[in-house]
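Q: Sending over a structure as structure tokens; questions will come in a sec.
Since every read-out is calculated from the coordinates, none of them should be taken as a lab result. Given the structure is predicted, the values throughout are model-derived calculations rather than measurements. Cβ coordinates were reconstructed from backbone atoms using ideal geometry, including for glycine residues, and neighbour counts include every protein chain displayed.
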Amino acid sequence: MKPRWTRRSPQSAHNFDLVLLNVDELDAARIGQLLNAIAEERHRGLTLSGRAYKEFRRWISQPSTPLKSEAYVLVSNWFMTQSGDRNSMVASRCEALWDELFPCRPLERLSSPAAGQNHVVVTSEFQRFWQLVLRAQAGEKASTACDMKLLSPVVHKLPESEMSSQMTEAAEHTSSPTVEGSVSATFVKNGLQFEIAGSPRALAQFLSFYGEPGTLKRESDSVYTAANDLGGRRP
């Protein structure tokens with residue numbers, strides 16, 4: 001059974017440590033194997049932060065204690081980064097560990113990519129992620145929350161001349177998408193143009209957090225793959 005979580009300090013805006021609810025059902029050996037698989041990989045001479053590795057090792061041996069936020073945030077950074085590191089085996093191994101622990105992935109990176117801040121939680125992004133976790137744990141179909149990870153958002157900065165304009169909502173109605181089909185949408189918010197694509201259910205979830213669609217259309221591909229930012233930032 002998938003691990004179920006609660007927050008150590010539910011009302012805190014600074015403490016994002018998580019506590020496992022179903023400790024007796026945790027497959028500690030499996031978690032340990034996935035953690036070791038990360039440590040065996042290197043990308044540009046880098047792998048998962050030593051402090052994250054040590055915290056996960058501590059937690060695996062004492063799963064009734066809180067898992068510190070910096071540990072799971074540093075794992076997520078590898079597959080949520082927009083740099084080329086996203087395509088590394090380290091990132092793939094981190095994804096495997098994350099998916100074993102949580103029912104869904106974050107909508108956006110949970111921490112800042114700035115030096116010295118990559119372990120510090122961005123409160124607004126955690127809240128979005130946590131709401132998806134709670135919905136999944138409350139009994140919603142797994143696809144409702146987990147399909148969110150199929151979304152690939154692309155963000156464009158608009159010219160200042162267009163900053164104040166809002167996209168006119170216009171939809172092209174087609175037949176109901178097949179299982180392999182996907183839906184894409186474009187909308188503007190705070191001077192940024194967002195283009196996202198994924199399953200219809202995932203798209204609806206995303207827009208419920210970020211805004212109303214400007215253009216809705218059917219795509220032939222099942223998942224839209226965005227070009228990665230190859231800026232070489234540290235995960």
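Q: Starting from region 5-107, pick out the GluC sites (Glu not before Pro) whose DSSP state is loop and whose Cβ has at most 15 other Cβ atoms within 10 Å.
A: GLU40
Q: Okay, moving on. Exactly which trypsin sites (Lys or Arg not before Pro) in region 15-76 are in a DSSP loop and have at most 16 other Cβ atoms within 10 Å?
A: Within region 15-76, the qualifying trypsin sites (Lys or Arg not before Pro) (loop, at most 16 other Cβ atoms within 10 Å) are ARG42, ARG44.
Q: Also: If you average the C-alpha positions of region 4-40 and of region 45-109 separately, how far apart do those two centres end up, in angstrom?
A: Cα centroid of region 4-40 versus Cα centroid of region 45-109: 10 Å apart.
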